[in-house]
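Note sheet for the following structure.
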Amino acid sequence: MIDLCAIRKLQTSLRNFEDQLKAETGLSFNDALLLCAVNKGIGEPSALAKELELSPSRLTRVLDSLESRNLVERTLSIMDRRSLTVALTVKGSEVVKTYSCSELNLPEELQFTQPIN
């Protein structure tokens, strides 16, 4: 049987972690995940949507928000001028470095000893 109480505890811990992330960095969870993905070299919007499991419309909203804060920029792809490429700005790179090294506390319930597949 599924332990729904344990799942609820995970959900609450994740929400608390997201609140802490927002308070300390100004980033939503999706903002932070997108910046991490772009920092890893994923620049195609379709690849970002797949990586983050976001719909294209949700991805566009996250990109709009990050672009309005000068954290990412969208440019025409060099390979195919019909498509866009997403890249970190200097400010975006600084934010990635700052929150990657921040002192955010990951709740115990969210610390896994083995990767989840």
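Computed from the coordinates by the stated procedures, all read-outs in this text should not be read as laboratory data. Note that this is a predicted model, so its numbers are computed, not measured. Here Cβ is always computed from backbone atoms with ideal geometry, including for glycine, and neighbour counts include all displayed protein chains.
Numbers below:
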read-out	value
Leading residue at positive end of dipole, the range 27-104 (Cβ point charges), from Ser68, Leu27, Ala37	Ser68
FRET efficiency, 1/(1 + (r/R0)^6) with R0 35 Å, evaluated for Ser57 and Glu94 via beta carbons	0.75
Sequence-separation-based contact order of the chain, relative, with Cα cut under 8 Å and 6+ spacing, percent	28
Cα pair distances of the range 27-104 binned at 5 Å [whole percent]	3, 16, 30, 27, 16, 6, 2, 1, 0
The range 1-103 - charge dipole about Cα centre, Lys and Arg +1 at Cβ, Asp and Glu -1, debye rounded to 20	180
Label-point separation in nm, Leu84 to Ser28, each point 7 Å along Cα→Cβ	1.6
Degrees, to the nearest 10: 29-39 long Cα axis against longest axis of the chain	50
